[in-house]
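Below is one structure, written out as structure tokens, with a few remarks after it.
The values are calculated or read from the model by the stated rules, or taken from the named source; none is laboratory data. As the structure is a prediction and not an experimental result, all values here were calculated from the model. Cβ atoms come from the backbone with ideal geometry, glycine included; neighbour counts cover every protein chain shown. Accessible surface is based on the protein model in full, side chains and every heavy atom, while ligands, DNA and RNA are left aside. Shrake-Rupley method; radii C 1.70, N 1.55, O 1.52, S 1.80 Å.
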Amino acid sequence: MMECKLYTGSDWDALTDIWLEASVRAHDFIPSSFWEASKQDMKEIYLPHSEVYIVEENGEVLGFSAMVDDTLAALFVHPSHQGKGIGSLLLSELKKKYSHIQLNVYKKNHSAVQFYTQKSFKVISEGIDERTGEEEYTMALQ
């Protein structure tokens, strides 16, 4: 049975592996070398300074979310487990704890934009991600 819970561990390897694999697959418009070069920062800086929730089944982490204040900094599901409600379960857990959630998503990541739109997020602004030069939306759930 899948369980969603606050992550209290300190081993970020499984999460960064999910992040890398899902990022490369979801963002085929950005060179995979960009994501590979960012993996260490994700593991050592970003995840440890976030409030992280995981979904696991039989001890295997299937996906995770990372919140920084009211910003959803990451929501990633392992590609082999996508489409099974894991992202929805993570968002549902976050909605219980946060009255306002904001996120940035690449405009070209159509499946993610559609997912967040279906979950009642609205585009509140558009901009350019300085790291990649790609257009992105800022979306909010209010």
Query - Viscosity 1.002 mPa s, temperature 20 °C, Stokes-Einstein D of the range 78-142 from Kirkwood C-alpha radius, µm²/s - result: 169
Query raised in the report: Which peptide among 94-103, 58-67 comes first, and what is the full order, when sorted by highest mean count of other Cβ atoms within 10 Å?
Result: 58-67, 94-103
Query raised in the report: Roughly how compact is the range 1-70, stated as its Cα Rg over 2.2 N^0.38 Å to two decimals?
Result: 1.13
Query raised in the report: Under a 5 Å amide H to amide H cut-off, with H placed in plane at 1.01 Å, what residues pair with residue 136 once short-range neighbours are removed?
Result: 107, 127, 128, 129
Report summary line: Ordering 116-129, 75-88 by per-residue average of other C-beta atoms within 10 angstrom, highest first, gives 75-88, 116-129
Query raised in the report: Considering the range 1-120, what Rg and Dmax in Å follow from its alpha-carbon atoms?
Result: 13.4, 36
Query raised in the report: Carbon and sulfur atoms: what percent of the 1.4 Å accessible area of the range 36-142 do they account for?
Result: 44
**Report entry** Rel. contact order, % - alpha carbon contacts under 8 angstrom, at least six apart, the chain
**Finding:** 20
Query - Whole-number D in µm² s⁻¹ for the range 44-88, Kirkwood Cα-pair radius fed into Stokes-Einstein, 37 °C, 0.692 mPa s - result: 297
Report summary line: Note, residue 32: beta-carbon cut-off 13 Å, +1 each Lys/Arg, -1 each Asp/Glu, net -1
Query raised in the report: 222 nm [θ] for the chain, helices only, -39500 (n - 2.57) per DSSP H run of 4+, per residue, to 500?
Result: -9500 deg cm²/dmol
